[in-house]
1. Taking the Cα atoms of the protein assembly as shown alone, what are Rg (to one decimal) and Dmax (as a whole number) in Å?
2. When you look at the Cβ of every residue in B:114-122, what mean number of other chain Cβ atoms sits within 10 Å?
3. I'd like the trypsin sites (Lys or Arg not before Pro) in the range B:92-141 restricted to DSSP loop residues with at most 15 other Cβ atoms within 10 Å, sorted by number.
4. Identify, among A:LEU49, B:ALA114, B:LEU76, the residue whose Cα sits farthest towards the positive end of the charge dipole of the protein assembly as shown, taking +1 on the Cβ of Lys and Arg and -1 on the Cβ of Asp and Glu, with the dipole about the Cα centre.
5. Considering Cα pairs under 8 angstrom that are at least six residues apart, work out the relative contact order of chain B and quote it in whole percent.
6. Suppose we compare each residue of the range A:1-33 in its chain alone and in the full protein complex with a 1.4 Å probe; which ones drop by at least 50 Å² of accessible area?
7. I'd like to know how the range B:48-121 sits against the 2.2 N^0.38 Å rule of thumb: what's its Cα Rg over that expected value?
8. Between the range A:1-62 and the range B:1-78, what is the C-alpha centre distance in whole Å?
There are 2 protein chains.
Amino acid sequence: MKLTRECEYAVRCVLYLSHEGKEIVVGRRRIAEEMEIPGPFLGKIAQQLARSNIIEIVQGSKGGFRLVPSPEKLTLLDVIEAVMGKVYLNDCVLRPDSCFRSPTCHVRLVWKAATERLRETLRKTSFAKLLEAESEYLSSD
Amino acid sequence: MKLTRECEYAVRCVLYLSHEGKEIVVGRRRIAEEMEIPGPFLGKIAQQLARSNIIEIVQGSKGGFRLVPSPEKLTLLDVIEAVMGKVYLNDCVLRPDSCFRSPTCHVRLVWKAATERLRETLRKTSFAKLLEAESEYLSSD
DNA sequence: TTATATCGGATAAATAAAATCCGATTTATC
DNA sequence: GATAAATCGGATTTTATTTATCCGATATAA
Ligand code: SF4
Ligand code: SF4
């Protein structure tokens, strides 16, 4: 019932890239250091983000990662499902056949509803909003 | 981001006991068989449910488990938190100190809100409702 | 007293998460 | 071109968690 650290790191990475701006290439080491992510692990995570076209990986000297979509269009759900696959709370939500009770089980319907509610919450949160909220917070000092 | 099997089994067990009725003692083997739960594992789970006063364990010959609260008062959240501890989606929701970003991080607020929404959904679902819904479904054949 | 149950602590097995390693490859710069 | 600075991506290792079982102790009905 919990986020994996992999997801958490992915969100942090994208948050950092959003902050730097859409077209800017930022080195892996720098992201890892500033966001407290184990460097080589970030590499692995980046590969998954790249497969989902959330970032573009630039190789070679001065290489790094660059955000592809604009932060307005990019949601928490996009990033999380890029590294975790589809979000759901119980196997039977996705594969009803996995349980003999599923034809009559109303617990399953609760999990289904809760899953959709959760995905909806994440879908509604864009990185643009997150950045805006944080900068407002900081400027109100 | 997923329910453990332990939780799933706990819910099934309580569902079965609710169905049988509040004062009835049902043997562990029978519950395990009918609900497809590994027998000894159910024993462990039952101990946790007993600690939270959700069931009472009757020892000795003809022993087994008995539901303590009435199904109207008992919610999915009660059962799940009895075996998992408090439900939350990310460490920083419960322990803000676990992350250096938490003072300004708005992702954290999303996790917090989503966690509360999830708990609310589970809190609203009583076992009485679940049973009723299933029996309605069955009688509409 | 015996047969039937569960208890509860310890432990084993299986699975998944988290992290790292390293040869290959790509690119900027001199 | 040669060199240095990056990441790639597959394999592997380490660690943590989940899942399940074992067994001597204990409790109860008959
Ligand atoms: S018992 Fe219900 S909730 Fe549990 S796995 Fe089966 S269908 Fe899903
Ligand atoms: S970065 Fe934000 S969401 Fe992630 S752990 Fe830290 S406080 Fe929580």
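1. 22.7, 74
2. On the way: counts 9, 3, 0, 5, 7, 1, 2, 6, 3.
So the per-residue partner count for this stretch is 4.
3. Details: sites: B:ARG101, B:ARG108, B:LYS112, B:ARG117, B:ARG119, B:ARG123, B:LYS124, B:LYS129; in loops: B:ARG101, B:LYS124.
Of the trypsin sites (Lys or Arg not before Pro), the ones in loops of the range B:92-141 whose Cβ has at most 15 other Cβ atoms within 10 Å are B:LYS124.
4. Of A:LEU49, B:ALA114, B:LEU76, it is A:LEU49.
5. Relative contact order for chain B comes out at 25 percent.
6. A:MET1, A:LYS2, A:LEU3
7. Numbers: Rg = 17.5 Å, N = 74, 2.2 N^0.38 = 11.3 Å.
Here the Cα radius of gyration is 1.55 times the empirical estimate.
8. 44 Å
The values are calculated or read from the model by the stated rules, or taken from the named source; none is laboratory data. Note that the coordinates shown come from a computational prediction; the quantities given were computed from them, not determined experimentally. All Cβ positions, even for glycine, are placed from backbone atoms using ideal geometry, and neighbour counts span all protein chains on display. Calculation scope for accessible area: heavy atoms of the full protein, side chains included, ligands and nucleic acids excluded. Shrake-Rupley method; radii C 1.70, N 1.55, O 1.52, S 1.80 Å.
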